[in-house]
Amino acid sequence: MTPTVSTSTTVCLENVTKQYWQNGRCTTALADCTLDIRAGEFFSLLGPSGTGKTTLLNLLAGFERPDSGQVRVGSREVRGAGPDRAVVFQAPTLYPWLTAAGNVAEGLRHLRLSHSERKERALHHLAEVGLEHAATRHPHQMSGGMAQRVGIARALAMQPDVLVMDEPFAALDAYVRREMQELAVRLQQERKVTTLFVTHSIEEALVLSDRLATMAAGRVTEIFEVDAAHPRDVTAAEFIALRRTIADRIESGVRAEREQVR
Ligand code: ADP
Ligand code: MG
């Protein structure tokens with residue numbers, strides 16, 4: 001059966017299967033996975049390692065193609081990487097020989113802009129992530145949080161329809177991580193870029209997301225709506241039941257997977 005898709009859907013995975021072969025063994029990373037993400041929403045994927053989160057992201061980014069099923073952004077099928085989908089990885093993949101501004105400007109290469117226009121835009125986007133003072137720094141002169149801010153500025157500078165983030169704050173210490181979450185919330189409120197965000201942390205997903213999905217064995221197991229204003233204190237009583245339900249859903253996915261392996 002083909003799921004119906006509303007016209008406001010920006011990102012759509014329809015019955016997507018992706019397998020990897022390695023040393024004669026087949027791993028099904030995504031198994032007939034279907035997911036819709038609405039225009040302008042912040043959507044998180046939660047689940048333990050190996051459940052297919054990165055694979056889903058790579059298919060949306062266009063780095064890989066599905067074996068069957070379809071990935072669409074708007075009405076277009078994803079057939080490869082493109083500037084309409086910007087990606088932020090866990091490690092911020094900056095060019096070490098370029099400054100912060102140079103790295104952000106590099107993301108604008110696909111646009112027909114003059115050198116000075118690119119530089120101006122780069123500075124604007126660095127200011128957006130709170131790095132106006134650090135435009136001339138090189139990656140080796142940056143902390144992990146700063147480098148990740150540059151990565152986010154570079155992604156936003158592309159003015160993507162979809163922002164894809166794979167555990168972007170996982171390597172940061174707790175304090176910087178909270179700062180980055182505040183930044184992500186602020187940017188989302190200002191920009192409303194459709195965002196697919198992967199995290200291991202239930203708390204992080206609850207702080208950031210409009211909706212979140214739990215994944216197990218290459219499929220979405222449940223979708224949760226987080227209907228609360230920002231900023232959110234997800235340790236507050238109103239979140240306790242929701243946190244527990246999400247944790248239970250993830251754990252039952254892990255148990256089911258273990259039983260399958262046996
Ligand atoms: P997650 O991001 O949720 O940890 P992944 O999407 O990275 O999960 O991986 C899903 C499954 O696919 C895992 O079993 C992983 O080992 C396998 N896998 C992912 N990428 C490859 C690859 N390039 N080659 C072989 N197996 C892969
Ligand atoms: Mg992953």
With r defined as the distance between the Cβ atoms of Q141 and A31 and R0 fixed at 41 Å, what FRET efficiency is calculated, to the nearest 0.05? 0.40
Please arrange Y20, Y175 by counting, for each residue, the other beta carbons lying within 10 Å of its beta carbon, fewest first. Y175, Y20
Going 7 Å from the Cα of L111 along its beta-carbon direction, which residues of the stretch 57-93 have the amide nitrogen within less than 13 Å of the resulting point? 83-84
Please name whichever of T17, A29, H138 sits farthest to the positive end of the charge dipole of the chain, dipole taken about the Cα centre and charges placed at Cβ: Lys and Arg +1, Asp and Glu -1. H138
Can you tell me the FRET efficiency between D67 and L98 if r is taken as the Cβ-Cβ distance and R0 is 51 Å, rounded to the nearest 0.05? 0.85
For R178 paired with E120, estimate the spin-label separation in nm (one decimal), with each label point 7 Å from Cα along the Cα-to-Cβ line. 3.9 nm
Can you list the lysines whose alpha carbon sits under 28 Å from that of K18, skipping same-chain ones fewer than 8 residues off? K53
Gain in span if fully extended, H200 to R76, counting 0.36 nm per residue against the direct Cα distance: 41.6 nm
Compute the separation of the alpha-carbon centres of the stretch 151-213 and the stretch 78-110 and state it in Å as a whole number. 16 Å
Of 99-110, 145-156, ordering from highest average Cβ density within 10 Å down gives 145-156, 99-110
Please report the relative contact order for the stretch 1-136, taking Cα pairs under 8 Å with a sequence separation of at least 6, and give it as a percent rounded to a whole number. 20 percent
Cα-centred dipole magnitude for the chain, charges only on beta-carbon of K, R (+1) and D, E (-1), debye, nearest 20: 640 debye
Of the options T54, F169, I223, report the single residue whose Cα projects farthest towards the positive end of the charge dipole of the chain (beta-carbon charges: Lys, Arg +1; Asp, Glu -1). T54
The chain: antiparallel bridges as % of DSSP beta bridges, rounded to 5, reads 55 percent
With only Lys, Arg, Asp and Glu charged, each at its Cβ (+1 for the first two, -1 for the last two), find how big the charge dipole of the stretch 1-150 is about the Cα centre; round to the nearest 20 debye. 300 debye
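Readers should treat all values here as calculations from the given coordinates under stated rules, not as data from a laboratory. Values in this document were obtained by computation on a predicted structure and should not be read as measured data. Positions of Cβ are backbone-derived with ideal geometry, glycine not excepted, and every protein chain shown enters the neighbour counts.
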